[in-house]
Amino acid sequence: MNTKQFHRRVWAIVLLLALMVTGMGAALYDLQINNGESYSRLTEKKIAETQSVPAARGNLYDRNGQVLVSNRVIYEVTLDAGLMKEEERCGILLSLIEAARTEGVEWTDNLPITRTAPFRFTTDDPYYAVSQDEDGKEVKTLTRLGRLAVKMGWVDDPTKEAEPETETAAPAKEPGLLDKIKSFLKGGASADVPKKAKEPKPLLEAEALLGVMCESFGVAGEGAVDRKKAAKNGETVPNLNIGDMSETDARALAGVLYELNLRSQDIYTAAEYVFASDVDIDFISRVKERDLTGVVIEAATFRQYQTKYAAHLLGRTGLMDKKEWEYYKTVDADGDGKSDYQMNDTVGKEGAEQAFESLLRGKPGTRTVERNTKGKIVAQNWETEPEPGGNVMLTLDIGLQGYVENLLADAVPKLASEETEGAACVVLDVKGAEVLTAASYPTYDLANYASELTEKGDDPLHPFLNRALQGAYPPGSTFKMLTAIAGLEEKIITPTTLIRDEGQYNYYGPNGPKCWIFRQYGSRHGLINVSKAIEVSCNYFMFDVGRQLGIEKLDEYAARFGLGEKTGIELAESAGVMASPEYTESLGGTWYEGNTLSVAIGQESSQFTPLQLANYIATLVNGGTRNAVHLLKEVKSSDFSQVLQSYEPQVLDTIEIEDQNLKAVKAGMLALTTNNSSVRQYFQSLPFQAGAKTGSAQVTGQNESNAVFVCFAPYDDPEIAVAIAVEHGGSGSELASMAADVLRYYFSSQETRDEIPVENTLIR
């Protein structure tokens, strides 16, 4: 090849290379400058996923249209650790924590170790809880921290006893010379000698555990010690092997990673870790600026409580637990063969939220979303839109409820008894057994449930107990109207029958039970009829009637009036207990005929809820129709255009009561409010007449009796029945002023209360 040809080829190659470089440059310019953003989006896209989107939960209203519980749109920050590269995870989380600190945002951290040094556990039993089984045997149950620590191998399971490891296999033949030498060198140990039990890993103290967690989670700073290298060199490794990272940062990271690991290890059922809830726009902006992978900000709905009253009735919502999931996974209302719920759905936990879950929940929607590698949604498509839940109208009168709760809080501590504890008051509509009020004292604030639970969870007065529905109390003399009705209807007595109070009832022998007036003052009520017996609460009269009736008849009438049986209300309630030979014997006791006398005056083992007592009075004064008690009034569509459901009254029993018998019993209750000096003073100022009965029941081991008071009004055409019970409240007459105040408020407020037009209420 000559020089000229060589130069030509060189120039051809140079030109070709120049053209290639130019083409590549143009392609890169087009890729990065012209279409860089679009191509970047394409590369960031992940495979589309289908999501179930919960529907807006329906609101709760009282009978007058007052909003009790609604929804508020909030923004939540959730974490998806699966999108974070392991080497970047701690940096991402620390950046998020710094943003939260800057904006004063509280994040979810339930690790039971203090957040600052010196580190210590925040609970007495961080690894396990101790309880007793039915046989009284001590049972240890791992906490969430304990389950994670065992699963990660940080500690051995403290709930299991260590078993010694042994070798029992004997040599098959005579040991040889070499075996004998080995045995000699080992001190003559034989192969079939049990080995020493394996030493369990100790339960680590807070700082040591935190150090193990940090190492396991990859929390370390510059200068952290190489543990393996240190072990070879005989060097001591600090508990917190975090180098130049601050102790506070290490603890914060460990807390967040703890929450993530609880979920990844299937220890906590909530798959999604909500780092922070109800965050403001400043925090959102700061997080978005940092563009943190796996940190997702999405809108959510939050239950907003529009009243501080009726906590026990309204209840709360929360993520379902495993036990609840066992039920909800079987719910298939539309019959498509699939559960209407997913494992981590929010459901009603107590009260109306739980009772009316199916009405409030609505129907979830379905959407397909595409996320980029940082977890951000880049595209979404709705397949089915969510259908909001129905708006549930309760029978509750929130104005009356609030008044009664405040009344109990003010009046109960002022009672003469120094042993008063809890109390309850129930107000029922007489004709339909609608719950107008069911107040418990003490109570709590639903809007701050978590902090209230922490603060009041160990309160001996048990503020979270719904005493109105679940507290069971001896009825005392309030039971005497039932004994009277049973005696009248069974022809044991008539309205005009006279029985002489002899002071002490010695039918079964000397030293029989005494009438209260004889026991206290040595007096007697003399010759009296049933109305007078109710007015003066004569024990002797009821002893005689009860004896003639017998325990079977008393139990029969009690059941027909709903005493010792659930009322039918939609919420959790106690059935109470009606005294009987069977119940006494079930407790290992012996029933005697004389026990019937105590039952007839509301003593013995009978215990009823305030709700049962109120419905018993309502059943009595409406003429004997016992209705199922209910809290649901009706359900309206989300836009209030339709009535989806209305409560249908349910008659549980109809007791045929002769007019003259009912009049005789009611007359005795009227006389208490018009003739009794200790009660009359509170009722005489009312613009209507009312009937009432006091009750006191002794409690074993207590100096003061439980106080009970029942009443109804107006006397001629009863509208409401009221039952009040105060634990260790002393005499039932001391509750008369409270009862009169309840009646006064109810009937006065009827004239001034305006019904709110819920159809015009804006729902969000």
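The values are calculated or read from the model by the stated rules, or taken from the named source; none is laboratory data. Every value quoted in this text rests on a predicted model; they were computed, and no experiment measured them. Cβ placement follows ideal geometry from the backbone for every residue including glycine, while neighbour counts extend to all protein chains displayed.
A few remarks follow.
- All helices (runs of 4 or more DSSP H) inside segment 303-362 with 3 or more residues being modelled with pLDDT of 95 or more and more than 20 Å from L60 (Cβ to Cβ): none
- Residue check for T346: out of contact with any helix residue (DSSP H, G or I) (no Cβ under 7 Å at 6 or more places or on another chain) and either surrounded by 15 or more Cβ atoms within 10 Å (Cβ to Cβ) or not aliphatic (A, V, I, L, M) (or both): yes
- Selection within segment 201-235: residues that are small (G, A, S) and over 17 Å from V150 (Cα atoms). The member of this set that is surrounded by the fewest Cβ atoms within 10 Å (Cβ to Cβ) is G234.
This table checks each residue for (1) surrounded by fewer than 21 Cβ atoms within 10 Å (Cβ to Cβ); (2) under 28 Å from M393 (Cβ atoms); (3) out of contact with any helix residue (DSSP H, G or I) (no Cβ under 8 Å at 6 or more places or on another chain); (4) not aliphatic (A, V, I, L, M).
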site: A433; (1), (2), (3), (4): no, yes, no, no
site: S440; (1), (2), (3), (4): no, yes, no, yes
site: T443; (1), (2), (3), (4): no, yes, no, yes
site: A447; (1), (2), (3), (4): yes, yes, yes, no
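- Members of segment 288-302 found to be within 34 Å of the chain's Cα centre (by Cα) and not in a strand (DSSP E or B), listed by number: G294
- Residue selected from segment 272-281 under the condition surrounded by fewer than 18 Cβ atoms within 10 Å (Cβ to Cβ) and in contact with a Ser or Thr (Cβ under 9 Å, 6 or more places away or on another chain), by the criterion nearest to R101 (Cα to Cα): S277
- Residue tally, condition aliphatic (A, V, I, L, M) and under 17 Å from N261 (Cα atoms), over segment 49-95: 7
- Among (1) outside any loop (DSSP other than H, G, I, E, B); (2) in contact with a strand residue (DSSP E or B) (Cβ under 6 Å, 6 or more places away or on another chain); (3) under 25 Å from E434 (Cβ atoms), the one test that A736 misses: (2)
- Selection within segment 634-673 - part of a helix (DSSP H, G or I) and surrounded by fewer than 17 Cβ atoms within 10 Å (Cβ to Cβ): D659, Q660, K663
- Count - residues of segment 616-626 that are touching a residue at least 40 places away in the same chain (Cβ under 8 Å) and either touching a strand residue (DSSP E or B) at 6+ places or on another chain (Cβ under 6 Å) or among the hydrophobic types (A, V, I, L, M, F, W, C) (or both): 6
- Of the helices (runs of 4 or more DSSP H) contained entirely in segment 451-527, those carrying at least 1 residues that are touching a residue at least 12 places away in the same chain (Cβ under 8 Å), touching a Ser or Thr at 6+ places or on another chain (Cβ under 9 Å) and closer than 30 Å to L571 by Cβ fall at 467-470, 480-489.
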